[in-house]
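Have a look at the structure below, then the notes.
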Amino acid sequence: MTSESYDVVVVGAGNAAFSAAHAAREEGSTVCVLEKAPEAELGGNSYFTLGSFRTTYDGLADVMCIVDDPGDVSTDTHELPSYTKDDFAADMRRVTKGRTDEQLTRVLVENSFTTLQWLHRHGIKFKLQSDNQVFEVNGKKRFWGGGTIAVVGGGIGLIEQHLSAAKNSGIVVKTEHRMVGFQQGPTGEVSGVVCQTPSGQKVIEGKSVVLASGGFEADARLRATYLGPGWETARVRGSRYNTGEALMAALDYGAQSFGNWSGAHAVAWDKNAGVFGNRVLTNKLQRHSYPFGIMVNTDGRRFIDEASDFRNYTYAMVGAAILRQPGGVAFQIFDKQGSGMLRTDYGHEGITRVTADSIKDLAEKMEVDPDALCATIDEFNAGVQETPFDPTVLDGKRTVGVNPPKSNWARKIIEPPFIAFPTVCAITFTYGGLRVDTDARVLDQRDQPVPGLHAAGEVVGGLFYENYPGGSGLMSGAVFGYRAGKSAAAYSKSR
Ligand SMILES: Cc1cc2nc3c(=O)[nH]c(=O)nc-3n(C[C@H](O)[C@H](O)[C@H](O)COP(=O)(O)OP(=O)(O)OC[C@H]3O[C@@H](n4cnc5c(N)ncnc54)[C@H](O)[C@@H]3O)c2cc1C
């Protein structure tokens, strides 16, 4: 077996991995990034994202210092309410029903904005999400739901910018290097990794190692094993390479498992999408505008409160609700008024949809019993309360006497044309992973650091349970990637 040697070896080439690599390289470490995928498929799930980062800020003027592309946004036309550390922490606690690890959440929240400033110094370019995260009310455009900042060029831009920064600073990136195990040093420390490559097995020695290899969402068997029956049928929104073997190798090495192993982030997704993510359409196959319509299953029945909260705080649970429906299929239905609220993703070429001028005709095109769908929509319309509609707040415009209720933004579905989008469940990433401390050192089963091993991104557990606030995945990958890189550099210097 051939071998090479670096101060810090990083496993994976997504956002968490590159964040760790930049942080270690800044300390003068030699750094090698090992990626399982071929070069043409580099970037992990991070490539498929919108590039949205959830961060704290104190209004529009505050964020402008990192914004390269403000688009049409100005203080005259737009309002951006503050999003404080307390707000971010409260959202983490609320969506996870109080289960998120308090220490990890504190680190995530308190370092979110400074980490974006740091990424910005490394050449990551940011913009304001003035398309899908703004609604106009009373002549003023208002950001809602904490999803304000995204990377210029989305996930594709994020990976291009990370790669260019890595190249400029002398970080070595090797593709088609699938980590299959660890090399152990004389005192039990991690001293490198074993990789499968097209030319056979190689040891890449590292004085310290950072795992940033994502979750196990792309492996059907692991999905069924940990998430439960039926999950093997879910589509995968992103990379086909996040199959969990590096995570499992770390557990075998003595790392502690942590977090919501039976939970996953999963969304409503175009029914005709492929089994794995599409590198051209990336996130455009998602169907996130359900709060402004209704969702029904193939029996023509509603099964969820479409508007219990802003979509940024519900979309990660919708996939699981769809998976539980007959055949794992659900339709999102909008009338003319609701169609005016659709995200830009719904307008792309090749998107699966049916339209009709009556609910009965729509049902026939959906191959759903027309009587059942008409009854559902009549009952829904009869329950809608005629109070003011405001998409920038939880407006309480709800249904009464309808089960399940719709708690906000409920408007009657009456005006043609009617449009239905067939959707299935697509998994984004798994919530269970390794236990790390606040310096991103992997802990063993006695809560002691596994010498030489660090981790960041979706391979780490403990932050998200059952649900997730949109934009937190990239943010946690960057915050803990930075800390993993710094810890790994410090450890390698100590040896
Ligand atoms: C369609 C889509 C849209 C999304 N939009 C957003 C968004 O806008 N904002 C947000 O915060 N989050 C978003 N997410 C979630 C986001 O992708 C993740 O939170 C984040 O990218 C995880 O980063 P990571 O670096 O941990 O993992 P990844 O980016 O998935 O990187 C893991 C890497 O490890 C590699 N790897 C795996 N096993 C091995 C091995 N054995 N050896 C070597 N390499 C290995 C993989 O090939 C991969 O490149 C989205 C996800 C998807 C799929």
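The values are calculated or read from the model by the stated rules, or taken from the named source; none is laboratory data. This one's a predicted model, so the numbers in the text were calculated from it and none came from an experiment. Neighbour counts are summed over all protein chains in view; Cβ atoms, including those assigned to glycine, are modelled from backbone coordinates with ideal geometry.
Observations on the structure shown:
- When Ala16, Ala21, Ala61, Ala40 are checked against the criterion of being free of Cβ contacts under 8 Å to residues at least 40 places away in the same chain and more than 30 Å from Arg142 (Cβ to Cβ), a single residue qualifies: Ala40.
- Residue check for Thr423: within 30 Å of Leu247 (Cβ to Cβ) and assigned to a strand (DSSP E or B): yes
- Filtered residues of the stretch 324-347 (kept if in a helix (DSSP H, G or I) and within 21 Å of Thr282 (Cα to Cα)): Thr344, Asp345, Tyr346, Gly347
- Taken over the stretch 371-390, the criterion of being among the aliphatic types (A, V, I, L, M) and surrounded by 13 or more Cβ atoms within 10 Å (Cβ to Cβ) is satisfied by Ala372, Leu373, Ala375, Ile377, Val384.
- Where a residue in the stretch 134-150 is farther than 14 Å from Pro81 by Cα and its partner, wherever it lies, is of a type in the set (A, V, I, L, M), with Cβ under 7 Å and at least six apart: Ala150/Leu50
- From Val368, Val354, Val329, residue being surrounded by 15 or more Cβ atoms within 10 Å (Cβ to Cβ), more than 30 Å from the chain's Cα centre (by Cα) and aliphatic (A, V, I, L, M): Val368
- Flag for Leu158 being within 16 Å of the ligand (Cβ to nearest atom) and farther than 22 Å from Gly44 by Cα: no
- Condition check for Gln117: assigned to a helix (DSSP H, G or I) and within 16 Å of the ligand (Cβ to nearest atom): no
- Single residue of the stretch 462-485 satisfying the filter (part of a loop (DSSP other than H, G, I, E, B) and away from the ligand (no atom under 12 Å from the Cβ)) that is nearest to the chain's Cα centre (by Cα): Glu466
- Checking the stated criteria, Arg302 turns out to be modelled with pLDDT of 95 or more, basic (Lys, Arg), touching a Ser or Thr at 6+ places or on another chain (Cβ under 8 Å) and over 23 Å from Tyr468 (Cβ atoms).
- Pairs, first not assigned by TED's automatic domain parsing to the domain that holds Asp7 in the stretch 431-453, second surrounded by fewer than 21 Cβ atoms within 10 Å (Cβ to Cβ) and at pLDDT below 95, C-beta under 7 Å, six or more apart: none
- Residue count for the stretch 100-133, restricted to those that are surrounded by fewer than 19 Cβ atoms within 10 Å (Cβ to Cβ) and within 18 Å of Asp437 (Cα to Cα): 4
- Search result, residues across the stretch 252-284 that are of a type in the set (Phe, Trp, Tyr) and either under 29 Å from Phe421 (Cα atoms) or assigned to a strand (DSSP E or B) (or both): Phe258, Trp269, Phe276
- The listed residues are Met317, Met341, Met295, and the only one of them that is more than 22 Å from Lys412 (Cβ to Cβ) and of a type in the set (A, V, I, L, M) turns out to be Met317.
- Filter pass, Val393 being touching a residue at least 12 places away in the same chain (Cβ under 8 Å), at negative phi and surrounded by fewer than 19 Cβ atoms within 10 Å (Cβ to Cβ): yes
- Index of the failed condition, Thr225 passing every other in (1) in a helix (DSSP H, G or I); (2) free of Cβ contacts under 8 Å to residues at least 40 places away in the same chain; (3) within 16 Å of the ligand (Cβ to nearest atom): (3)
- Of all residues in the stretch 77-94, those satisfying the criterion of being within 18 Å of Gly59 (Cβ to Cβ) and surrounded by fewer than 18 Cβ atoms within 10 Å (Cβ to Cβ) are Thr77, Glu79, Pro81, Ser82, Thr84, Lys85, Asp86, Asp87.
- Each residue in the stretch 221-246 was checked for being over 17 Å from Ser262 (Cα atoms) and surrounded by fewer than 21 Cβ atoms within 10 Å (Cβ to Cβ), and 2 of them qualify.
- Count - residues of the stretch 270-312 that are of a type in the set (Ser, Thr, Tyr) and touching a Pro at 6+ places or on another chain (Cβ under 6 Å): 1
- Any hit, the stretch 280-288, residues being surrounded by fewer than 22 Cβ atoms within 10 Å (Cβ to Cβ) and more than 25 Å from Gly471 (Cβ to Cβ): no
- Only listed residue being under 22 Å from Tyr315 (Cβ atoms), small (Gly, Ala, Ser) and touching a Cys at 6+ places or on another chain (Cβ under 7 Å), chosen from Ala218, Ala264, Ala234: Ala234
Residue-by-condition table, conditions (1) more than 20 Å from the chain's Cα centre (by Cα); (2) within 13 Å of the ligand (Cβ to nearest atom); (3) not charged (D, E, K, R):
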residue	(1), (2), (3)
Val137	yes, no, yes
Lys167	yes, no, no
His177	yes, yes, yes
Cys195	yes, yes, yes
Gly214	no, yes, yes
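- Residue satisfying condition, being closer than 22 Å to Thr233 by Cα, buried (at least 23 other Cβ atoms within 10 Å of the Cβ) and aliphatic (A, V, I, L, M), within set Ala363, Ala273, Ala321, Ala316: Ala316
- Where strands (runs of 3 or more DSSP E) sit wholly within the stretch 1-103, those with at least 3 residues that are at negative phi and within 16 Å of the ligand (Cβ to nearest atom) occupy 2-11, 31-34.
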